[in-house]
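Accompanying notes for the structure given below.
The values are calculated or read from the model by the stated rules, or taken from the named source; none is laboratory data. None of the values given here were measured: they were computed from a predicted structure. So basically every Cβ, Gly included, is an ideal-geometry build from the backbone, and we count neighbours across all protein chains shown.
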Amino acid sequence: MSRYHIVGRAGAGSLIVEFLLREVGVAYDISFPDPAAVKQADFHAANPLGRIPVLICPDGHQVFETMAIIAHITSRFDGLAPPAGTALYDRYNQFMALLATSVYPAYHRQHHCYYYGDEAAYESIRACARAEQALVFDYLEAELAPYLCGDQLTAADFYLYMLSRWDVDKTAMRAGRPKLNALLDEIRARPTVDAVLAAQPKRKVKA
């Protein structure tokens, strides 16, 4: 293998991998396997929960879990994270952790509430998730300046943009948050992001 290969899902978590690789100008291939394919034993042998995305590196080794993939890319290519060992790097990691452990799970609970309780609890699960999400987004609005790491655009900003695409009420998410609006619009307008979204299988892309 001479270049990266992404095992992805249209409109889902593999978007961030494509965004970042395009941002650093690294060529890659991507496949969108049928959901049944990722349930096979050979896929689970190297990825016990069968999660996507998976990044297959040029030397053949594989990385799964989105945070690990982002760390792989940012540690090998310049421009997507502050220098390690700096206060700004701590801030970057703080926001990556907040997005991954609070915002992502809040969206997951809204879209896949059947994992968290029986049908009678669905609306309560969604309401709690939306409330937690709103609290975090208010905090992010206050912290943006104009990016999560001040004037440096990082992988965290692209990750936030990807997560925002899954919002069930984008109008409410954007209401009263002008700095968040500006960031999301700027990321969406980047040629790299536009190219990735245009290449997604059309019937599965989220608006």
Here the residues within segment 16-38 that are part of a helix (DSSP H, G or I) and within 13 Å of Ile52 (Cβ to Cβ) are Ile16, Val17, Glu18, Ala37, Val38
Contact list please: Cβ distance under 6 Å, first residue in segment 137-149 and more than 14 Å from Ala182 (Cβ to Cβ), second residue at pLDDT 95 or above and in a helix (DSSP H, G or I), pairs at least six apart or on different chains. Cys149/Leu88; Cys149/Arg91; Cys149/Tyr92
Please specify each residue of segment 1-17 satisfying the condition of being out of contact with any Lys or Arg (no Cβ under 9 Å at 6 or more places or on another chain) and touching a residue at least 60 places away in the same chain (Cβ under 8 Å). Ile16
What number of residues within segment 149-187 satisfy the criterion of being part of a helix (DSSP H, G or I), more than 21 Å from Ala97 (Cα to Cα) and hydrophobic (A, V, I, L, M, F, W, C)? 2
Filter segment 62-90 for residues that are acidic (Asp, Glu) and farther than 23 Å from Pro105 by Cα and give the result. Asp78
Residue by residue through segment 119-134, note down the ones that are loosely packed, with under 12 Cβ neighbours inside 10 Å and more than 17 Å from Val103 (Cα to Cα). Glu119, Ala120, Glu123
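Conditions (1) β-branched (Val, Ile, Thr); (2) farther than 23 Å from Pro105 by Cβ; (3) in contact (Cβ under 8 Å) with a residue 24 or more places away in the chain; (4) touching a strand residue (DSSP E or B) at 6+ places or on another chain (Cβ under 8 Å), marked per residue:
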residue	(1), (2), (3), (4)
Trp166	no, no, yes, no
Lys170	no, no, no, no
Arg174	no, no, no, no
Gln200	no, yes, yes, no
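Matching residues to (1) assigned to a helix (DSSP H, G or I); (2) under 17 Å from Ala156 (Cβ atoms):
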| site | (1), (2) |
| --- | --- |
| Arg51 | no, no |
| Asp59 | no, no |
| Ala71 | yes, yes |
| Thr74 | yes, yes |
| Gly79 | no, yes |
| Ala84 | no, yes |
Matching entry among Glu123, Glu132 (being touching a helix residue (DSSP H, G or I) at 6+ places or on another chain (Cβ under 8 Å) and of a type in the set (Asp, Glu)): Glu132
